[in-house]
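The values are calculated or read from the model by the stated rules, or taken from the named source; none is laboratory data. Note that the structure is predicted; figures quoted are calculated from it, not measured. Neighbour counts run over all protein chains shown; Cβ positions are idealised from the backbone, glycine included. All accessible areas refer to the heavy atoms of the entire protein, side chains included, with ligands and DNA or RNA removed. Shrake-Rupley method; radii C 1.70, N 1.55, O 1.52, S 1.80 Å.
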Protein chains: 2
Amino acid sequence: MKLATLKDGSRDGQLMVVSRDLKSAQLADGVARTLQRALDDWTFISPQLDDIYQELNRGGGRRRFDFDPQNCMAPLPRAFQWADGSAYVNHVELVRKARGAELPESFWEEPLMYQGGSDDFLGPTDDIVLAHEEWGIDFEAEVAVITDDVPMGATADQSLQRIRLLMLANDVSLRNLIPDELAKGFGFVQSKPATSFSPVAVTPDELGDAWKGGKVHLPLLSTWNDKLVGKPHAGVDMVFNFPQLIAHLAKSRNVRAGSIIGSGTVSNKDAKRGYSCIAEQRCLEMIAGGAPLTPFMAFGDTIRIEMLDDGKSVFGAIAQTLTQR
Amino acid sequence: MKLATLKDGSRDGQLMVVSRDLKSAQLADGVARTLQRALDDWTFISPQLDDIYQELNRGGGRRRFDFDPQNCMAPLPRAFQWADGSAYVNHVELVRKARGAELPESFWEEPLMYQGGSDDFLGPTDDIVLAHEEWGIDFEAEVAVITDDVPMGATADQSLQRIRLLMLANDVSLRNLIPDELAKGFGFVQSKPATSFSPVAVTPDELGDAWKGGKVHLPLLSTWNDKLVGKPHAGVDMVFNFPQLIAHLAKSRNVRAGSIIGSGTVSNKDAKRGYSCIAEQRCLEMIAGGAPLTPFMAFGDTIRIEMLDDGKSVFGAIAQTLTQR
């Protein structure tokens, strides 16, 4: 099943069911007005959404209309939780190496995770509006899951069963604001502006064999200013799978329905797969030549993040332009 | 105006208007079903809530009932943002001093702030349920505000005008999990379990002269196992006021309606005022005698957090028992 949220001027938008081929959609207003509402009572509501989905895929649906990602908000335009892991430890190791710092051994054994702002997400084609290029504006292509309720102390196995939906994310980072915030130890506040999400969120069964072991086994494509810069495989080098990330979060608290958990920047050890964030490329350049060559994003730049399965877009594309406030 | 949320088995509860003396309440269902709904359209909805409030205070209200904090969820049972500052730098300095670390000069100039989990808040009399005393369970008595929309880049003066409500918070901390998370730099995930809030949230005008300069000028009382252990003055030694904390958060992102911003543990330099968290007392003991004497909370312990104005409770009391999961 594929779900999206129609931009209607309200804070939470309206829930739509989207056909598998991303061509048609139908409002789910008779079933659940918003995606959060559906997640609040998933067992009861999701079968009704699935009825609409099956009908759309058969070419039916009396109230169907053309699906247009331009009219989408993030599947959850605001959420009660956004916790982002750093599951591709290669990414973390690279960044540390570039500044001559050792990677603590524990980073391979326990997930790094930060709590992100979740009150103001961007839709898949919304402009990224920021004030200063000097902040070091970077994209970060990620995979994310949305959970049902996960009780405190849940194991990874239990957490796996509570994953309801998957999405792509652009977890924009302000690289030049990060060092000061990292040094304080309190996590990211100013250095992580609004995160963007893919047009649709999909149930795990949509991925077929590509959803295995709590990971998505497909390449994640990042196209910066119309140039493909990254196609790392999301199923490779993911040191902690989604169930492990969720269990980490749930150690001392209940995780409630509608929580979004991110993978962190998708990154492969094989540098030929390119990059899902500019910082990584700059780190490679720094290690190779002593100085970074690739600049961060400039106003007017575009970024496109997508995942294809058999040539077909699974989540639709995040396709954004960076603009000055 | 005083607002609270009735526990009705749903995730968001039902919005109630509560009389100034905290004796009576009336459901606001004809106006707004939930507090978030009211905050989403505050300009339109708050005058209607105020009509109910005035009527309750006059002894009217056809549907009035006795107000009972036992039936309260947190005013916002879940929120789209919970960002907690450390505005009482004395607290931070003390903790550092106890472990022999210098306080960076910047901590006096720029607020420390962490993004907290906001998907699962505790009501004012809900048990604090945790798995292990060994985690070093501590209370933290704080003041918090709820904002309306605050645009990216807002100044402190602009932010002041966007504060809609004030509450008390118990930002429970797991002290023995903090050092590892601090060292990672990514902020608190496991070391900050569910936060609790006072029975009612109040509009700033309820505080009269005690709301001045973006601070609450009243003592905050913490009573641990029926013993008053702290009465620091929330208007003293608050290095960053609430508008400054909000402006810090809004530097690179929009802050949306219903965001909760905390003061951090209220702490005065005058040690005779006692403490709002056990860690601080242990630090003083460590500095004085080389070792902490006061243990962290034990299962069965109670904690009560309240603020009185002229002997009358402003927010009602947070009154919780720590229990084992």
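Some notes on this structure:
- With respect to the stated conditions, A:ASP148 fails to be open to solvent by 30 Å² or more (accessible area, probe 1.4 Å), more than 23 Å from A:ILE305 (Cα to Cα), assigned by the TED database to the domain that holds A:MET238 and of a type in the set (Asp, Glu).
- Residues being out of contact with any strand residue (DSSP E or B) (no Cβ under 7 Å at 6 or more places or on another chain), closer than 26 Å to B:LYS184 by Cβ and at the interface with chain B (Cβ under 10 Å from one of its Cβ atoms) - total across the stretch A:109-167: 5
- Test: residue in the stretch A:190-211 that is closer than 28 Å to B:GLY85 by Cβ, in the same structural domain as A:ALA247 (by the TED database), at pLDDT 95 or above and among the charged types (D, E, K, R): yes
- Considering the stretch B:59-99, the residues that are acidic (Asp, Glu) and more than 17 Å from the chain's Cα centre (by Cα) include one that is surrounded by the fewest Cβ atoms within 10 Å (Cβ to Cβ), namely B:ASP66.
- The one condition in (1) open to solvent by less than 10 Å² (accessible area, probe 1.4 Å); (2) farther than 18 Å from B:ILE137 by Cα; (3) outside any loop (DSSP other than H, G, I, E, B); (4) within 14 Å of another protein chain (Cβ to nearest Cβ) that B:SER252 fails to fulfil: (3)
- Within the stretch B:184-210, the residues that satisfy the criterion of being over 14 Å from A:GLY185 (Cβ atoms) and in contact with a Gly (Cβ under 9 Å, 6 or more places away or on another chain) are B:PRO193, B:ALA194, B:THR195, B:SER196, B:PHE197, B:SER198, B:PRO199, B:VAL200, B:ALA210.
- Cβ pairs under 8 Å, 6+ apart, first in the stretch A:184-199 and more than 23 Å from A:MET73 (Cα to Cα) and within 7 Å of chain B (Cβ to nearest Cβ), second of a type in the set (A, V, I, L, M) and in a loop (DSSP other than H, G, I, E, B): A:LYS184/B:LEU112; A:PHE186/B:LEU112
- From the options A:GLU285, A:GLU306, A:GLU280, residue that is of a type in the set (Asp, Glu), away from every other protein chain (no Cβ under 14 Å) and within 17 Å of A:LEU168 (Cα to Cα): A:GLU306
- In the stretch B:285-295, the residues that are assigned to a helix (DSSP H, G or I) and out of contact with any Leu (no Cβ under 7 Å at 6 or more places or on another chain): B:MET286, B:ILE287, B:ALA288, B:GLY289
- Scanning the stretch A:234-248 for residues that are assigned to a loop (DSSP other than H, G, I, E, B) and more than 14 Å from every other protein chain (Cβ to nearest Cβ) turns up A:ALA234, A:GLY235, A:VAL236, A:ASP237, A:MET238, A:VAL239, A:ASN241.
- Residue match in the stretch B:37-52 (condition: open to solvent by 40 Å² or more (accessible area, probe 1.4 Å) and within 30 Å of A:TYR114 (Cα to Cα)): yes
- Scanning the stretch A:210-224 for residues that are surrounded by fewer than 19 Cβ atoms within 10 Å (Cβ to Cβ) and under 22 Å from A:CYS72 (Cα atoms) yields a count of 1.
- The single condition among (1) open to solvent by less than 30 Å² (accessible area, probe 1.4 Å); (2) touching a Pro at 6+ places or on another chain (Cβ under 8 Å) that A:GLY230 does not meet is (2).
- Taken over the stretch A:156-209, the criterion of being of a type in the set (S, T, N, Q), part of a helix (DSSP H, G or I) and surrounded by fewer than 24 Cβ atoms within 10 Å (Cβ to Cβ) is satisfied by A:GLN158, A:ASN176.
- Scanning the stretch A:1-33 for residues that are in a loop (DSSP other than H, G, I, E, B) and either assigned by the TED database to the domain that holds A:PRO124 or under 15 Å from A:ARG164 (Cα atoms) (or both) yields one hit, A:MET1.
- Counting only strands (runs of 3 or more DSSP E) that sit completely within the stretch B:71-135, those holding 1 or more residues that are closer than 16 Å to B:ILE146 by Cβ, among the small types (Gly, Ala, Ser) and not assigned by the TED database to the domain that holds B:VAL17 correspond to B:81-85.
- Those residues of the stretch A:255-278 which are in a helix (DSSP H, G or I) and crowded, with 24+ Cβ neighbours inside 10 Å, in sequence order: A:ILE278
- Residues satisfying the stated conditions in the stretch B:100-118, i.e. open to solvent by 40 Å² or more (accessible area, probe 1.4 Å) and either of a type in the set (Gly, Ala, Ser) or out of contact with any Phe, Trp or Tyr (no Cβ under 9 Å at 6 or more places or on another chain) (or both): B:GLY100, B:GLU102, B:PRO104, B:GLU105, B:SER106, B:TRP108, B:GLU109
- Candidates B:SER263, B:SER267: the one that is of a type in the set (Gly, Ala, Ser), at pLDDT 95 or above and more than 30 Å from A:ASP120 (Cα to Cα) is B:SER267.
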